[in-house]
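J.: Sharing a structure here in structure tokens format.
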Amino acid sequence: MSQSHDAFVHARLATWQRRINDTVTTLSVPQNENESPGLVPVLEQLVAVYNVSTGLVADLRQSADSSLATTGPGRAYLVQLTAALAHSNQAATHLSTVVTGLADLHRAASQPGAADRAESLLDVALGHAAALRSLRRAHHALTRTPGDAQQPSGPSLLPTAGEQHHRAADVSGVHPVRRRP
């Protein structure tokens with residue numbers, strides 16, 4: 001029975017890896033920093049990430065209620081799915097930030113003020129980059145060997161530049177405030 005569970009887990013992991021990879025390829029970031037993506041493509045990207053998250057939840061529920069959850073490979077699989085779900089939800093959050101930035105851009109387009117436009121463009125670029133990182137982490141959570149799945153799937157040991165900036169702001173007690181016109 002263990003071999004059939006191993007084969008099932010391997011097949012399901014390959015399916016999720018492919019689905020997340022396909023979703024990563026749909027996240028396109030504008031090549032020109034002054035160019036912003038359209039709202040509809042970003043909403044479609046958000047829907048794609050949402051669909052991955054929904055599928056992961058469904059697979060988690062089904063696998064947790066099956067006999068697979070009582071086996072070692074099954075428990076490791078559930079841990080990997082949980083980590084991938086956490087990262088895909090983070091990607092959805094970041095894409096929501098992109099949508100907000102794009103809405104700000106459209107609103108700022110009707111008003112003078114290049115500073116608001118630059119801030120919104122930065123929000124869009126950073127949101128896309130963060131969403132891509134989160135989806136790559138989700139993919140990585142599914143590519144680890146089952147023995148590695150027991151390790152925490154938190155952020156990497158080396159912080160990114162954005163994380164360093166946030167940590168510096170947290171340490172100083174000063175928190176950035178986003179201004180709205």
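J.: Could you please find all residues in segment 34-59 being outside any helix (DSSP H, G or I) and open to solvent by less than 30 Å² (accessible area, probe 1.4 Å)?
T.: Taking segment 34-59 first, the residues outside any helix (DSSP H, G or I) are 34-38.
PRO37 - this is the single residue of segment 34-59 that is outside any helix (DSSP H, G or I) and open to solvent by less than 30 Å² (accessible area, probe 1.4 Å).
J.: Right, another one. Can you pull out the residues in segment 10-44 that are under 18 Å from ARG133 (Cβ atoms), modelled with pLDDT under 90 and of a type in the set (S, T, N, Q)?
T.: Once the filter is applied, which keeps residues that are under 18 Å from ARG133 (Cβ atoms), modelled with pLDDT under 90 and of a type in the set (S, T, N, Q), segment 10-44 yields THR25, THR26, SER28.
J.: Among the residues of segment 60-76, is there at least one that is crowded, with 17+ Cβ neighbours inside 10 Å, touching an Asp or Glu at 6+ places or on another chain (Cβ under 8 Å) and at pLDDT below 90?
T.: yes
The values are calculated or read from the model by the stated rules, or taken from the named source; none is laboratory data. Computed from a predicted model, the values in this text were never measured in an experiment. Backbone-built Cβ (ideal geometry, glycine too); neighbour counts: all protein chains shown. The accessibility values were calculated without ligands, DNA or RNA, using every heavy atom of the protein model including side chains. Shrake-Rupley method; radii C 1.70, N 1.55, O 1.52, S 1.80 Å.
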